[in-house]
1. Filter the stretch 81-136 down to residues that are outside any helix (DSSP H, G or I) and among the polar types (S, T, N, Q) and give me whichever is nearest to the chain's Cα centre (by Cα).
2. Restricting to the stretch 18-51, and then to whatever is more than 26 Å from K108 (Cβ to Cβ) and out of contact with any helix residue (DSSP H, G or I) (no Cβ under 9 Å at 6 or more places or on another chain), can you tell me which residue is surrounded by the most Cβ atoms within 10 Å (Cβ to Cβ)?
3. Can you tell me which residue is surrounded by the most Cβ atoms within 10 Å (Cβ to Cβ) among those in the stretch 153-179 that are within 14 Å of R44 (Cα to Cα) and touching a strand residue (DSSP E or B) at 6+ places or on another chain (Cβ under 7 Å)?
4. Among (1) under 23 Å from D154 (Cβ atoms); (2) in contact with a helix residue (DSSP H, G or I) (Cβ under 8 Å, 6 or more places away or on another chain); (3) in a loop (DSSP other than H, G, I, E, B); (4) not hydroxyl-bearing (S, T, Y), there is one condition L15 misses while meeting the rest; what is its number?
5. Residues of the stretch 145-177 being under 18 Å from L14 (Cα atoms), outside any helix (DSSP H, G or I) and aliphatic (A, V, I, L, M), which ones?
6. Between a first residue in the stretch 89-102 that is closer than 11 Å to V25 by Cβ and a second residue that is modelled with pLDDT of 95 or more and part of a loop (DSSP other than H, G, I, E, B), which pairs have beta carbons less than 6 Å apart while being 6 or more apart in sequence or on different chains?
7. Which one of these is without any contact (Cβ under 8 Å) to a residue 60 or more places away in the chain and within 15 Å of the chain's Cα centre (by Cα): I45, I57, I76?
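The values are calculated or read from the model by the stated rules, or taken from the named source; none is laboratory data. Fair warning: this is a prediction, and the values are worked out from it, not measured in the lab. Cβ placement follows ideal geometry from the backbone for every residue including glycine, while neighbour counts extend to all protein chains displayed.
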Amino acid sequence: MFLREKEDRRNASLLNAENSLLLIVDFQEKFIGAVSGMEEVGKRIAVLAKAAALLQIPIIVSEQYPKGLGRTLSEILSVLPQGTPVIEKLSFSAMDVPEWAEAVRSSKRNQIILCGVETHVCILQTAMDLIQNSDGQVYVVEDAVASRKVSDKDAALRRLEANGIQGVTAEMAVCEWLRQAGTPKFKEIQALIK
């Protein structure tokens with residue numbers, strides 16, 4: 001047995017900051033109080049957004065019918081880099097929105113990471129359409145998604161996994177993006193995940 005050259009050692013399913021795109025799906029005002037665990041999910045999404053911004057990972061945000069469901073929560077909007085696209089939609093799958101699909105396509109990133117709400121509706125349908133229509137890998141951040149009912153979230157995560165969509169946690173994603181400890185970026189991001 002022998003080891004491959006260093007360039008070949010990294011498993012292709014591990015997240016890489018240069019290949020990643022973070023999608024924040026419908027994390028909006030009207031879901032507070034209606035969706036289980038919104039506060040904790042919001043903390044995880046904020047960690048992901050701050051880390052992505054620091055590591056120059058592009059972010060795209062969707063808002064489902066903001067006229068009725070409100071805007072993306074201010075604590076998320078406040079940590080997004082200036083110019084982050086926030087795209088309105090009515091369809092459950094964000095991939096049905098040409099502007100969204102083009103933003104994903106033009107990012108030229110092949111590791112697509114989703115977080116937000118609701119796991120069994122907009123996250124599920126967007127992820128399934130992404131896996132069907134891209135050559136990349138799709139990930140759902142399990143501790144950064146939520147549904148009104150835990151049983152809906154659990155069923156969605158099982159279905160996503162059965163269809164080749166990988167589950168990760170916010171800390172897994174951030175540590176995979178960083179790859180190593182001891183750097184200035186690690187020290188800055190470590191404070192977020194403690």
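1. Top of the filtered list is Q111.
2. Looking at the filtered set, the residue picked out is V41.
3. Restricting to residues being within 14 Å of R44 (Cα to Cα) and touching a strand residue (DSSP E or B) at 6+ places or on another chain (Cβ under 7 Å), the top hit is A173.
4. So the condition that L15 fails would be (1).
5. Those that are under 18 Å from L14 (Cα atoms), outside any helix (DSSP H, G or I) and aliphatic (A, V, I, L, M): I165, V168.
6. These pairs meet every condition: K89/V97.
7. One residue alone meets the criteria, I76.
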